[in-house]
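Here is the structure we will look at.
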Amino acid sequence: MFGALRLRRFYAALLAATVGCALIQFDGSDARAAVKPSFSPAAGAFSERGSQSSVPTARGSMLYVSGNSSTVTEYSLPSGAVIGTLGSSSGISDPMGLFFADGSLYVTNGNASEVLVFPAGASMPSSILRESTESPFPWDVTVGKDGTVYVVDLMDDYCGEGDFEVFEKGQTTPAYVVYMNSWYSFGAALSKDNYLYVSYVPDQKAKIAVYAPGAQKGHDVNWHLRSDVSGSQTFPMGMVFDKEGNLVVVDVNRIDVFAPGVPKPIRHFGKLISGYFLAFDRDRRILYVADYGANRVKEFDYETGKLVGSVDSSGPVGIAVDPPAPL
């Protein structure tokens, strides 16, 4: 079982890696700063124009962020005020990717090799999805329209390969596991027609693979990512689809948009230090991005690509919005 993951040390190891996984370092302590994210009006705020959903929840619009203090922090939108946290008392340890679907927040629980499912507003999970491979480290999670849960593992043991595990609706153990023959696997996104896209690093060059619904074999998409361990030393992290069916990818220091059948990004925007995951608001007009290196959650107007707001957050990683953008 993994000890606590040191994100900064881990990220440095990823950038330095050229062969194998011997450079990735883990230990039994968590060196990430135990500082709760806090709203900072002086440093910026979320904008008013993009944070009100056309289909508000009874609790109002919410933004969930996992971060350095091994907590998931809940922000109210549009104010950006912190209204609650989920931490160790809720069973959370090293949360990474987040996803909101069907009234519940899905949290990848790195140290425990599981995904916790919290009903909106609850402090304890209603169910726990337990992974099957040897010492996996769940990195991202996404949920399909049919309730199927896809969990991307960074790797399946100390020197194993990346994979993703598939949980059928209502099940707490995986129906199957797909090994990706890679050093690492990172992000996942589902298209409108329920095709699964997974970013991974099979060797020096990062790629995105696509899997048809229910398929256990996929193929690489002909998208020319900038991510290259030997070159730019960046990695594709979070991914989401926009209204037009284009894939929006966080490529560490910027956001790239890929259209089907077009090898190079059709546009890019945003200045990030080390971006991780991202999420649209329900109307897909505003894009929230976790910029781990900047200790901020950044808010972009998706149409213009302009930064329109941000809040302080200590080492933000995962992002989820309630109500979510529909699939």
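Each Lys or Arg adds one and each Asp or Glu takes one away; over the other residues whose Cβ falls under 11 Å from the Cβ of residue 307, this sums to +1. The mean sequence separation of alpha-carbon pairs under 8 Å and at least six residues apart, normalised by the residue count of the stretch 270-327, gives a relative contact order of 36 percent. For residue 241, the residues 5 or more places off, or on other chains, whose built amide H falls under 5 Å of its own are 248. Here the stretch 34-322 is treated as an ellipsoid with the same Cα gyration tensor; its semi-axes, largest first and in whole Å, are 26, 23, 18. When the stretch 34-322 is described by a simple charge dipole with +1 on each Lys and Arg Cβ and -1 on each Asp and Glu Cβ, the residue from 80, 184, 201 located farthest towards its positive end is 80.
Only Lys, Arg, Asp and Glu carry charge here, each on its Cβ (+1 for the first two, -1 for the last two); on that basis the stretch 34-322 has a dipole of about 840 debye about its Cα centre. Between amide H atoms placed 1.01 Å from N, distances below 5 Å from residue 308 occur with 299, 300, 301, all of them 5 or more places distant or on a separate chain. Rounded to the nearest whole Hz, the Karplus-based 3J(HN,Hα) values (6.51 cos²θ - 1.76 cosθ + 1.60, θ = phi - 60°) of the stretch 161-171 follow the sequence 10, x, 7, 9, 10, 10, 10, 6, 3, x, 9, with x at glycine and proline. Couplings 3J(HN,Hα) for the stretch 277-288, derived from phi with the Karplus relation 6.51 cos²θ - 1.76 cosθ + 1.60 (θ = phi - 60°), are 9, 8, 7, 7, 6, 4, 8, 6, 9, 10, 10, 9 Hz, where x marks Gly and Pro. For residue 101, the amide hydrogen comes within under 5 Å of the amide hydrogens of 106, counting only partners 5 or more places away or on other chains and with H modelled in the peptide plane.
Legend: distances between Cα atoms for 169/298; 169/217; 192/298; pairs beyond 29 Å are 169/298.
A short reminder: the numbers here are calculations on the coordinates, not readings from a lab. Everything numeric in this text was worked out from a predicted model, so none of it was measured. Please note: Cβ atoms are built from the backbone with ideal geometry, for glycine as well, and neighbour counts cover all protein chains shown.
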